[in-house]
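Undergrad: Submitted below is the structure of interest, expressed as C-alpha cells.
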Amino acid sequence: MNLHEYQGKALFKEYGLPVSKGIVITDSNDAHKACREIGGSKWVVKAQVHAGGRGKSGGVKLVNNPDEAKEFAQNWLGKRLVTYQTDAKGQLVSSILIEECTDIDKELYLSAVIDRGSRKITFIGSSEGGVNIEEVAEKMPEKIIYEEIDPLCGPIGFKARKISKVLELNPDQTKQFSKMFNGLVNLFIEKDLSLLEINPLVITSGGNLHCLDAKINIDSNALFRQKEIQDMHDPSQEDPREYEASKNDLSYVSLDGNIGCMVNGAGLAMGTMDTIKHFGGNPANFLDVGGTATQERVAKAFKIILDDKDVKVVLVNIFGGIVRCDLIAEGIIAAINEVGVEIPVVVRLEGNNADIGSDILQNSGIEIKSINNLADAAKAAVELSK
Amino acid sequence: MSILVNNSTRVLVQGFTGSQATLHSEQAIEYGTNIVGGVTPGKGGQTHLGLPVFDTVHEAMKKVQPNAALIFVPAPFCKDSILEAADAGIELIICITEGVPTLDMLVVKEKIDQLGITLIGPNCPGVITPGEAKLGIMPGSIHKPGSIGIISRSGTLTYEAVKQTTDLGMGQSSCVGIGGDPIPGSSFIDILKLFEADDQTKAIVMVGEIGGSAEEEAAEYIKNNVTKPVISYIAGQTAPPGKRMGHAGAIIAGGKGTAADKIAKLKECGVEIADSLVDIGKKVEEVLS
C-alpha cells in the first residue's frame, strides 16, 4: 500500500525527522488560511497523488502569494494528474499540500528497501540527490552506498556514520543524520514499510538536513497490525476494478487486451496470460480467483472481468486440486446464471473429476466451450476474441 | 531415494485443529504420511483425527519425537510458530500460510540460518515425495513416483508441471514449492543442491516467475554446480511492470525481475527453456531422450 507525501511526512515527524511545516487542504478556499498559518512569504504547493514525477508534470509549484496557492488548488483539485509513472488516465488529486519554502544548498538521496537478495533492509545513500538514482549507480558508483541493517540488531550508530561519509556530511550534519537514521530504521520496522525514499534529502542554506519529499510503501501483508496506516488508504489512487477486487479478496490487475482471464493460483494466472499471448491473443487482465473457486468467488470474479467493456471472451482455467472439478463446474454454471454473462466463455478444467466437470458444463444449456486441454482452450479463446 | 521427506518422516502439524489443517492432514494421512500429532495452543490433551494435540512444540518433541513441522497457523502467528518449531529442534519446517509480513520473515530467515534449519515457504503448496509422504496442500492423485525433481514458486503451476510429467510417464522424485513471497525460507539453489545429490532424480524442472533475482542466481549456480539437465519455465512474460501479480514476490520493480531477463540468463547458463506452460512435459521428454 502506498502513502501520500503528506502522510509520509506525518510519520517522519512522529519519528523526529526534520520536515517542512505544512498544511493539507481539500478546498481551495482554505489556501489563504493555510498560507497565513504557515507564515513566510513564499510557499510550495504540491498536488497529492501516489505516483512520482509530479514536478515535471506541473503538480508542484513555488508560489509567492496566497492567491497563487489558491489558484493552483483550484486548477488541480478534482482533476487527474498524469505523470510518467501513471497511465494515460492519471491519478485523482483530492488534496494539496502547502508547505513553507526551504532554501536549498545541496540535494542528497536516501532510501531504504527490503533487498530480496541479501534478505535485509538496505539503506541506499548518495551525495547526488534530486536525480535518477539508477543513473548515479551506473555512472558514479563511488557516490552511492548500500548499507544493510541486521534484523536482529536494528539501528546501529556506525552504519549512520558510514552513510554520512558518502553523503559528504560535516560533523554537525553527521550528528543530525545519526538521529535521523535511528528514526528511519525504527519507522521502517515499527510501521512495516517495504520502501522509503527521501529524494531529495537536502542541506538547507543554514547547513541543516531536511526531508523535502517522503515516499513510503507499506507491506500489505502487515496491514492487520497497522490500524493507523489502514486509515491512510486512499482508494481513489487505484484502478477502480483492482480496488473492487481487493475488497473481495481477489487478486486482479487490469491489462489492455480483450480476453478476460479467471484462474486459480497466481502463477497459473500469469502462465495463462502468457499462453494466450503465445497463441496470438491479448489478455484483458490477471485474476487469481483463489484455491477454492467457489460459486460466490467465481460470480464476483465474473462481475469484475465483465465490467471491462473491452472483454470479448472469458477464459476460465481451473486446476482442481483438492476441490473436485465437478463441484467447480456447478459453481461456474451457477455463477454465470447469477451474473448473466452474455459473451462466450471457454472453460478448461484439470485435475480431480475433470471429465465429469466437463460433461456438466457441456450439458448445462448455456453457451460454454469446455476444453480440458489448456493449449486448445487458449487457442479457442484467441479465435473468439477476433 | 528422494529429498526432504519420505515415509519415515515424523510430521507434527502446527495449527492442527483449524479447518485447513484438518482437511489437508486428513488427505496427507490417507496418502500415507506419518503424522504423529499436532499443536494448537490451549487444546493440549485433546485428540484430533485420532492423534494427540499438544499445547507446545516442545511438549510434542518429548512425547512423539517429530522431525518435521507442517504449519497452517494464520499469518499473524507464523513468525511465532516457525521460531517455536526451530527452538524445539525440528529440522525441517514447512509453512503453507500465505500473507506473512515480510519483516517477520527477515527475522525468521536470519534465525533459522543461524540454527541450520531448513524452512520451506511460506505461501507455498509444501513438499511431496510421490508414493511416500505428502506435507502440503497439493492433490496427491496427479503425482506418480518417478525421476523428475520439481521446484516452483507457484502452487497450481507446479501441478501443471506434475500433471504433464505424470501423463508422459516420467513421474517425480520429489516436488518442492518454495513459495511466492519475496523472502522465502529456501531458495531455488537450496533445493537444486538436494536434487543434484539425489540418485532418483534424473532431471530437474524449475518453475520461476517474475520478480526478484532468484532465477538468475539459480542459473549461475546451475552453470557451475549442477550436472543434471534443468528445464525451466518462467511465468509472467506478459505481466506489466510495477504491479504485484497475486504473489507478494511477483512484481517487476524498477525494471528489474522481468521474465525476459530471467530467460536470457537461464539460457546463457545452459538451462533448457519451455517457451510455453503447455510444453513443460514435452521439453523434459525431449531433453532426456
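The values are calculated or read from the model by the stated rules, or taken from the named source; none is laboratory data. Here the structure is a predicted model, which is why all the values come from computation and not from measurement. Heads up, the Cβs are rebuilt from the backbone with ideal geometry, glycines too, and the neighbour counts pull from every protein chain shown. What goes into the accessible areas is simple: the full protein's heavy atoms, side chains included, and nothing from ligands, DNA or RNA. Shrake-Rupley method; radii C 1.70, N 1.55, O 1.52, S 1.80 Å.
Undergrad: Which condition number does residue A:112 fail, the rest of (1) within 14 Å of chain B (Cβ to nearest Cβ); (2) outside any strand (DSSP E or B); (3) open to solvent by less than 10 Å² (accessible area, probe 1.4 Å) being met?
TA: Failed condition: (2).
Undergrad: Filter the stretch A:338-386 down to residues that are open to solvent by less than 40 Å² (accessible area, probe 1.4 Å) and among the charged types (D, E, K, R) and give me whichever is nearest to the other protein chains (Cβ to nearest Cβ).
TA: Among residues in the stretch A:338-386 that are open to solvent by less than 40 Å² (accessible area, probe 1.4 Å) and among the charged types (D, E, K, R), the one nearest to the other protein chains (Cβ to nearest Cβ) is A:350.
Matching residues to (1) more than 10 Å from chain B (Cβ to nearest Cβ); (2) under 26 Å from residue A:386 (Cβ atoms); (3) in a strand (DSSP E or B):
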| residue | (1), (2), (3) |
| --- | --- |
| A:287 | no, yes, yes |
| A:290 | no, no, no |
| A:304 | yes, yes, no |
| A:308 | yes, yes, no |
| A:319 | no, no, yes |
| A:328 | yes, no, no |
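Undergrad: Checking residue B:285 against (1) within 14 Å of chain A (Cβ to nearest Cβ); (2) acidic (Asp, Glu); (3) over 30 Å from residue B:110 (Cβ atoms); (4) not in a loop (DSSP other than H, G, I, E, B), only one condition comes out false. Which one?
TA: (1)
Undergrad: Anything in the stretch B:238-277 that is touching a residue at least 60 places away in the same chain (Cβ under 8 Å) and within 12 Å of another protein chain (Cβ to nearest Cβ)? List them, or say none.
TA: B:246, B:247, B:248, B:249, B:250, B:277
Undergrad: When the residues of the stretch B:252-277 are narrowed to those that are under 15 Å from residue B:239 (Cα atoms) and of a type in the set (D, E, K, R), which ends up least open to solvent (accessible area, probe 1.4 Å)?
TA: B:262
Undergrad: Within the stretch A:252-270, is there a residue that is facing chain B (nearest Cβ under 9 Å) and closer than 17 Å to residue A:380 by Cβ?
TA: Checked against the condition, which is being facing chain B (nearest Cβ under 9 Å) and closer than 17 Å to residue A:380 by Cβ, the stretch A:252-270 yields at least one hit.
Undergrad: Can you find, within the stretch B:140-164, the residue that is farthest from the other protein chains (Cβ to nearest Cβ) among those that are part of a loop (DSSP other than H, G, I, E, B) and surrounded by 24 or more Cβ atoms within 10 Å (Cβ to Cβ)?
TA: To start, the set of residues in the stretch B:140-164 that are part of a loop (DSSP other than H, G, I, E, B) comprises B:143-144, B:153-154.
Applying the additional criterion that residues be surrounded by 24 or more Cβ atoms within 10 Å (Cβ to Cβ) yields B:143, B:153-154.
Working: B:143: 11, B:153: 7, B:154: 2 Å.
Step by step, filter the stretch B:140-164, then rank; the result is B:143.
Undergrad: While we're here: Inside the stretch B:104-128, can you point out the residues that are open to solvent by 20 Å² or more (accessible area, probe 1.4 Å) and part of a helix (DSSP H, G or I)?
TA: B:107, B:110, B:111, B:113, B:114, B:115
Undergrad: Check the stretch A:151-171 and report whether any residue there is touching an Asp or Glu at 6+ places or on another chain (Cβ under 8 Å), within 14 Å of chain B (Cβ to nearest Cβ) and more than 24 Å from residue A:53 (Cβ to Cβ).
TA: For the stretch A:151-171, residues touching an Asp or Glu at 6+ places or on another chain (Cβ under 8 Å), within 14 Å of chain B (Cβ to nearest Cβ) and more than 24 Å from residue A:53 (Cβ to Cβ): present.
Undergrad: While we're looking at this one, here's another question. What pairs come up if the first residue lies in the stretch A:159-180 and is in a loop (DSSP other than H, G, I, E, B), the second is open to solvent by less than 20 Å² (accessible area, probe 1.4 Å) and not polar (S, T, N, Q), and their beta carbons are under 6 Å apart, counting only those six or more places apart or on different chains?
TA: Hits for this filter: A:167/A:108; A:167/A:125; A:169/A:177.
Undergrad: Same structure, new question: Need a quick list: helices (runs of 4 or more DSSP H) entirely within the stretch A:1-83 having at least 1 residues that are open to solvent by 50 Å² or more (accessible area, probe 1.4 Å) and in contact (Cβ under 8 Å) with a residue 40 or more places away in the chain. Can you show your working first?
TA: Numbers: elements: A:5-14, A:31-38, A:66-76.
Because the criterion is at least 1 residues that are open to solvent by 50 Å² or more (accessible area, probe 1.4 Å) and in contact (Cβ under 8 Å) with a residue 40 or more places away in the chain, the helices (runs of 4 or more DSSP H) in the stretch A:1-83 that meet it are A:5-14, A:66-76.
Undergrad: Under 7 Å between Cβ atoms, which residue pairs at least 6 apart in sequence (or on different chains) link something in the stretch B:42-63 that is surrounded by 14 or more Cβ atoms within 10 Å (Cβ to Cβ) with a partner that is of a type in the set (A, V, I, L, M) and in a loop (DSSP other than H, G, I, E, B)?
TA: B:57/B:90
Undergrad: Mind telling me which of the residues A:241, A:225, A:324 ends up being basic (Lys, Arg), touching a residue at least 12 places away in the same chain (Cβ under 8 Å) and farther than 23 Å from residue B:123 by Cα? Give the derivation first.
TA: Working: A:225 fails: farther than 23 Å from residue B:123 by Cα; A:324 fails: farther than 23 Å from residue B:123 by Cα.
Being basic (Lys, Arg), touching a residue at least 12 places away in the same chain (Cβ under 8 Å) and farther than 23 Å from residue B:123 by Cα holds for just one of A:241, A:225, A:324, which is A:241.
Undergrad: Filter the stretch B:9-28 down to the residues that are in contact (Cβ under 8 Å) with a residue 12 or more places away in the chain, open to solvent by 50 Å² or more (accessible area, probe 1.4 Å) and either more than 19 Å from the chain's Cα centre (by Cα) or within 19 Å of residue B:177 (Cα to Cα) (or both) and list them by number. I'd like the intermediate steps shown before the answer.
TA: We begin by selecting, within the stretch B:9-28, every residue in contact (Cβ under 8 Å) with a residue 12 or more places away in the chain; these are B:9-18, B:20-22, B:24-28.
Within this subset, residues satisfying the condition of being open to solvent by 50 Å² or more (accessible area, probe 1.4 Å) are B:10, B:20, B:26-27.
Matches in the stretch B:9-28: B:20, B:26, B:27.
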